[in-house]
Amino acid sequence: MNQIDTKWVACWGNATSITNRTEATYAKNLTLRYPIRMCFSGSMLRFRFSNLTGTEPVTLTKVFVNHTPITFGGETSVTLMPGKETESDAISYAVNRGDTINVSIYLADFTQMNSGTLITGPLSKGFYSYGDYAEADELPLDLTRHTNWFYFLNTVDVLTSAENRAIVCFGDSITAQSWPDYLAQLALGTNTSIIRRAVSGTRILRQYDCITYQAYGLKGATRFPIEMNVAGATDVIIQHGINDIIHPVGRDVNPFRPWSDLPTVEEMQRGVEDIYVKPAKAMGLKVWSGTLLPIYGWRTYNEKRDAMRHAFNEWLRTSPIFDGCIDFDAAVRSAANPKAFADGFDSGDHLHPSERAYEAMAQACLSILA
């Protein structure tokens, strides 16, 4: 591949957020392994690791891609400073479209596990093992479990053909779940990668500072400029805002969810334009709105909230500030009762879609792969 005809393009990526606050927040003598499917062929790889939401330094004792060490300034170990992201050296590593690489991280000493993201989907399965198995071909069955928490690993870039590009999927738990993986499966064989930047519970305008809800993530104004650091990006799909509508319940019900957190639709619109659209356009990106999904039956559902969702969706569909709209709502709602999911499309909580619905959401995005 001629160097002139190549560029760096992100081929895999997640957001980094505050992990769920539980009794144990440290790990020691632990190997993390993340299988990543390559969407492009290329000659070199580089990796970004994030301690964005950590409060103390984190040392990655060993980091490998299969049997090849990932280095940082020539060193095989790296310390991630709190609030910072660190990029590896570019390493010579040939990959072909469709290959799966394994990124393994060994944490020798006590390590604060505050920086990570919970994601799901057919391409989003990790492992952890007790002990040092960063260089092992296989992880020991009796010391290994699956995990959907992706710690520290934030982005993988490949030096690939200049025609290739990335589309960013930005959002909350809907996007942290399966539809970006299904879209990535549909995109395999094209010149497009799908990069997920999503954190469950996040809102456009607010964030929680209590340990009960800190894992619901950083607000949009904090997240967006960091998460849009995506090599080769040409487009962003923004599907965000339902948590702004459904979270507030009043301090008498929940001391951390006051009614003052409930925005107006106009405030949400201004937030999307100022926090997302204008900065994305300044980056030269096309911006696609994604409509909010049905919430009928959700535990905080009421007619006022659904009226807000409907009004916000109409703006997402019609506002000239967007390059287009991905009408996820239309893809998953019931024809008989448009306030609710179609039969078989509700996961059961009346907020998150089923796997069939996530596949339908991916299908709704096909026009921007062309």
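Annotations
- Listed conditions (1) part of a helix (DSSP H, G or I); (2) free of Cβ contacts under 8 Å to residues at least 12 places away in the same chain are all met by Pro255, apart from (1).
- Pick from the range 317-343, criterion assigned to a loop (DSSP other than H, G, I, E, B) and within 22 Å of the chain's Cα centre (by Cα), ranking: nearest to Val277 (Cα to Cα): Phe322
- Looking across Phe64, Phe40, Phe72, one residue alone is in contact with a Cys (Cβ under 7 Å, 6 or more places away or on another chain) and either surrounded by 14 or more Cβ atoms within 10 Å (Cβ to Cβ) or outside the structural domain of Ala15 (by TED's automatic domain parsing) (or both). It is Phe40.
Here is a yes/no grid of residues against (1) at positive phi; (2) among the aliphatic types (A, V, I, L, M); (3) crowded, with 22+ Cβ neighbours inside 10 Å:
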site: Leu118; (1), (2), (3): no, yes, no
site: Gly126; (1), (2), (3): no, no, no
site: Thr144; (1), (2), (3): no, no, no
site: Thr147; (1), (2), (3): no, no, no
site: Asn154; (1), (2), (3): no, no, yes
site: Asp157; (1), (2), (3): no, no, yes
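- Filtering the range 217-226 to residues that are at pLDDT 95 or above and of a type outside the set (A, V, I, L, M) leaves Lys219, Gly220, Thr222, Arg223, Phe224, Pro225.
- Tally of residues being polar (S, T, N, Q), assigned to a loop (DSSP other than H, G, I, E, B) and not assigned by TED's automatic domain parsing to the domain that holds Phe72 across the range 1-37: 1
- Whichever residue in the range 89-116 is touching a Gly at 6+ places or on another chain (Cβ under 6 Å) and either in a loop (DSSP other than H, G, I, E, B) or of a type outside the set (Val, Ile, Thr) (or both) and, among such residues, is surrounded by the fewest Cβ atoms within 10 Å (Cβ to Cβ): Gln112
- Just one of the listed residues (Ile194, Ile226, Ile245) is more than 30 Å from Asn164 (Cβ to Cβ), among the β-branched types (Val, Ile, Thr) and assigned by TED's automatic domain parsing to the domain that holds Tyr301, and it is Ile245.
- Of the criteria (1) surrounded by 24 or more Cβ atoms within 10 Å (Cβ to Cβ); (2) more than 13 Å from the chain's Cα centre (by Cα); (3) within 22 Å of Gly121 (Cα to Cα), which one Asn191 fails: (1)
The values are calculated or read from the model by the stated rules, or taken from the named source; none is laboratory data. Keep in mind that what you see is a predicted model, and the values were worked out from it rather than measured. Don't worry about glycine lacking a Cβ; one is built from the backbone with ideal geometry, like all the others, and counts go over all protein chains shown.
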